[in-house]
2 protein chains.
Amino acid sequence: MHKQWDIDSLTADIIKRIKERTLADKNGKLPSERKLMDYYNVSRYSLRQALSKLSKLGYIYQIQGRGSYIHEHRYQANLMTQSDLGFTEDLAREGKRIQTVGATQRIVSLSEIDFYPSNQQFSDDQLFIEVERFRTLEDKPYLVEHSYYLPEIVGEISEAAMYGSMFDYLSKEKGLTVGFIDKFIRCELLTESYAKFFQLATDMPSLTVRDDSYLREGELVAFSKIYYDYRNATLFMHKKLLD
Amino acid sequence: MHKQWDIDSLTADIIKRIKERTLADKNGKLPSERKLMDYYNVSRYSLRQALSKLSKLGYIYQIQGRGSYIHEHRYQANLMTQSDLGFTEDLAREGKRIQTVGATQRIVSLSEIDFYPSNQQFSDDQLFIEVERFRTLEDKPYLVEHSYYLPEIVGEISEAAMYGSMFDYLSKEKGLTVGFIDKFIRCELLTESYAKFFQLATDMPSLTVRDDSYLREGELVAFSKIYYDYRNATLFMHKKLLD
DNA sequence: GAGTGGTCTAGACCACTTA
DNA sequence: AAGTGGTCTAGACCACTCC
């Protein structure tokens, strides 16, 4: 039988085989692209799309004229990759349990917001739904999410949604599809209440990810800032040179 | 006449035209991919490679069935993008002047190093060339680079190279080509001497980028940690959903 | 239905490595 | 010379948007 592969399932299958160690030889060398094309019965384009993803995730590296090799990188706790970085980290994190242990919402005016999106002008009477969520990973403090939603787009936000995935909520209940997100990664000092959540002293730092979330149509729907415990949060990237 | 376009020059030309505002209509809508293919006389593949880069850089977004649009994002000082993140920020930064204002090097043993690469085992008698470089951007403190080079690969490092681009030095003087870099972005506390350079108090934070630099052949050649002034450093990323 | 971006195939040629 | 990854072309079909 011939399974049909799309790029995502192809990528997933290769990752699975890399982890099982059933694809590479004992030196960590993978079969050539031509052999993999035949094996999976996909075109060069599709195969290389998948290999490119594997490369960005740090699983392999490729050398022109020589071949593709597994790139071991030691397991690190709470390592986020660029592709992991979801709407507000609502994505499944390899079976780990993320819980919201506290959440508040209120309506605020322009003068009350703590930060702004990158390229938006608001009128003076613009209102926002301010949401603060305190979340744990495996029952340990993991992040604080401080968001502003635009009420004329999202309407009201139910209490139930506050404790679940905002991304799914907007998609399923409101029919809103987020198309892309601009991210600004910085290091900032914690306020007292956030520091307390992480059991840190006030003025200790935090790795922050500012998100500007846009609908597919290009409209800003929310902007937020996520604070991570600086002791735990690491963002991983892989850079290939000569591009 | 027909200029031949490769993907890099194609990408650069579209960026140029976006900035000049000579490509999009008044609503920020770009010509369709088919029109751009004809205009530049390239294949769909090449054009979409270029558009994909523009998308990751935050210049445009694309909507299936509708078209491609310019995505304005406000200019921010010292915004790094993932593709900017070079060997040690040696890349040209839009004409801004980066200078090394202090540099030291010494040979150290395994027990003396402050941090380790992600997936490497060293023998107990492994030696390293430790390099510390203090660098300014437009004469203001910008970053401190703390690196360990593997002497059996790079040999000695000349004093001249310490004040220039290590990347160019390895490439031109040593014939070593860095193929890829793993990056680990974190937030850490500054030591006294680094804090002093940034004119900050000790224990103030810093955005750090840990690099593991590998030769094209997959051998580790150096590992380093770059400390940025947390008040100035912002890393930009663009995430497209439904991938 | 026409036009748009998203995906995928088949094939070609090039640059580089290895033998 | 053979094999590898890197680049590029031409063309097809699909999913979605707009009229």
Worksheet item: Which one of these does A:L241 not meet: (1) within 12 Å of another protein chain (Cβ to nearest Cβ); (2) free of Cβ contacts under 8 Å to residues at least 24 places away in the same chain; (3) farther than 30 Å from B:I7 by Cβ?
Response: (3)
Item to complete: Starting from segment B:20-45, take each residue that is free of Cβ contacts under 8 Å to residues at least 40 places away in the same chain and more than 14 Å from every other protein chain (Cβ to nearest Cβ) and list its partners that are of a type in the set (A, V, I, L, M) and within 11 Å of DNA strand D (Cβ to nearest atom), counting only C-beta distances under 8 angstrom and pairs at least six apart or across chains.
Response: B:E33/B:L47; B:L36/B:L47; B:M37/B:L47; B:Y40/B:L10; B:Y40/B:L47; B:V42/B:L10
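Please indicate, with yes or no, whether at least one residue in segment A:2-10 is away from DNA strand D (no atom under 13 Å from the Cβ) and surrounded by fewer than 11 Cβ atoms within 10 Å (Cβ to Cβ). Steps first, please.
Step one: filter segment A:2-10 for residues away from DNA strand D (no atom under 13 Å from the Cβ), giving A:2-3, A:5, A:7-10.
Then keep just the ones that are surrounded by fewer than 11 Cβ atoms within 10 Å (Cβ to Cβ); that gives A:2-3.
Scanning segment A:2-10, I find at least one residue that is away from DNA strand D (no atom under 13 Å from the Cβ) and surrounded by fewer than 11 Cβ atoms within 10 Å (Cβ to Cβ), so the answer is yes.
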Fill in: Test set (1) more than 11 Å from chain A (Cβ to nearest Cβ); (2) under 21 Å from the mean Cα position of the chain (by Cα); (3) surrounded by fewer than 16 Cβ atoms within 10 Å (Cβ to Cβ); (4) not hydroxyl-bearing (S, T, Y) - B:A222 fails condition number
(3)
Fill in: Subset tally (residues that are small (G, A, S) and in a loop (DSSP other than H, G, I, E, B)) for segment A:220-243
1
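Go over the candidates A:S147, A:S158, A:S171 one by one and state the one that is touching a residue at least 40 places away in the same chain (Cβ under 8 Å) and of a type in the set (S, T, N, Q).
Residue meeting the stated conditions: A:S147.
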Discussion item. Just to be sure I understand, how many residues within segment A:88-110 are at pLDDT 65 or above and under 14 Å from the mean Cα position of the chain (by Cα)?
Written reply: 1
Worksheet item: If you check B:Q121 against the conditions, is it within 14 Å of chain A (Cβ to nearest Cβ), at pLDDT below 95 and loosely packed, with under 13 Cβ neighbours inside 10 Å?
Response: yes
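Just give me the residues in segment B:164-176 being surrounded by 14 or more Cβ atoms within 10 Å (Cβ to Cβ) and either among the charged types (D, E, K, R) or in contact with a strand residue (DSSP E or B) (Cβ under 9 Å, 6 or more places away or on another chain) (or both), in sequence order.
Scanning segment B:164-176 gives B:M166, B:F167, B:L170, B:S171, B:E173, B:K174, B:L176.
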Response to the item:
(1) within 14 Å of chain B (Cβ to nearest Cβ); (2) part of a helix (DSSP H, G or I) all hold for A:Y116 apart from (2)
Worksheet item: Which of the residues that make up segment B:185-219 are surrounded by fewer than 19 Cβ atoms within 10 Å (Cβ to Cβ), more than 8 Å from chain A (Cβ to nearest Cβ) and in a strand (DSSP E or B)?
Response: B:L215
Worksheet entry | A:D114 being in the same structural domain as A:L220 (by TED's automatic domain parsing), in contact with a Gly (Cβ under 8 Å, 6 or more places away or on another chain) and under 26 Å from B:Y228 (Cβ atoms) | no
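The values are calculated or read from the model by the stated rules, or taken from the named source; none is laboratory data. All values reported here derive from a predicted model rather than from experimental measurement. Heads up, the Cβs are rebuilt from the backbone with ideal geometry, glycines too, and the neighbour counts pull from every protein chain shown.
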